[in-house]
Amino acid sequence: MSITDLLSGDDIKKAVAAFAAAESFNHKKFFEMVGLKKKSKQDVEKVFHILDKDKSGFIEEDELKFILKGFTPDGRELSDKETKALLSAGDKDGDGKIGAEEFTTMVAES
């Protein structure tokens with residue numbers, strides 16, 4: 001399954017372009033722009049598993065840095081500051097990574 005099986009390629013392209021500038025990433029706006037916010041919990045979990053590149057059941061900090069590339073190869077890497085902000089927004093239990101439940105909660109709250 002690919003990300004475009006769940007989300008519109010055009011929406012992804014527009015959302016990634018909107019945050020092309022360094023230090024501009026806003027996960028709340030991004031999740032809304034790609035259409036993730038209005039997806040079912042099951043579809044959000046499917047996106048989580050696509051973004052979990054090492055299939056560990058978590059999105060770790062090193063994977064978060066490349067989250068935009070998970071949506072499209074043209075996406076940029078997040079800065080360390082953006083990565084840490086995204087991690088702190090999603091990591092509710094403080095274990096340094098985002099699990100599927102934390103990811104769906106983060107998307108729903110955005």
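The values are calculated or read from the model by the stated rules, or taken from the named source; none is laboratory data. Note that the coordinates shown come from a computational prediction; the quantities given were computed from them, not determined experimentally. Cβ sites come from the backbone with ideal geometry, for glycine too, and all protein chains shown count toward neighbours. Heads up: the accessible areas ignore ligands, DNA and RNA and are worked out on the full protein's heavy atoms, side chains in. Shrake-Rupley method; radii C 1.70, N 1.55, O 1.52, S 1.80 Å.
Filtering the range 37-49 down to residues that are assigned to a helix (DSSP H, G or I) and either open to solvent by less than 30 Å² (accessible area, probe 1.4 Å) or polar (S, T, N, Q) (or both), which residue is nearest to F71 (Cα to Cα)? Here the residue is V47. Can you tell me which residue is most open to solvent (accessible area, probe 1.4 Å) among those in the range 23-35 that are in contact with a Lys or Arg (Cβ under 8 Å, 6 or more places away or on another chain) and without any contact (Cβ under 8 Å) to a residue 60 or more places away in the chain? The residue in question is E23.
Within the bounds of the range 35-42, is there any residue that is touching an Asp or Glu at 6+ places or on another chain (Cβ under 7 Å) and closer than 18 Å to I12 by Cα? Looking through the range 35-42, at least one residue is touching an Asp or Glu at 6+ places or on another chain (Cβ under 7 Å) and closer than 18 Å to I12 by Cα. Note on the range 50-68: residues that are in contact with a strand residue (DSSP E or B) (Cβ under 9 Å, 6 or more places away or on another chain), part of a loop (DSSP other than H, G, I, E, B) and surrounded by 17 or more Cβ atoms within 10 Å (Cβ to Cβ) total 1.
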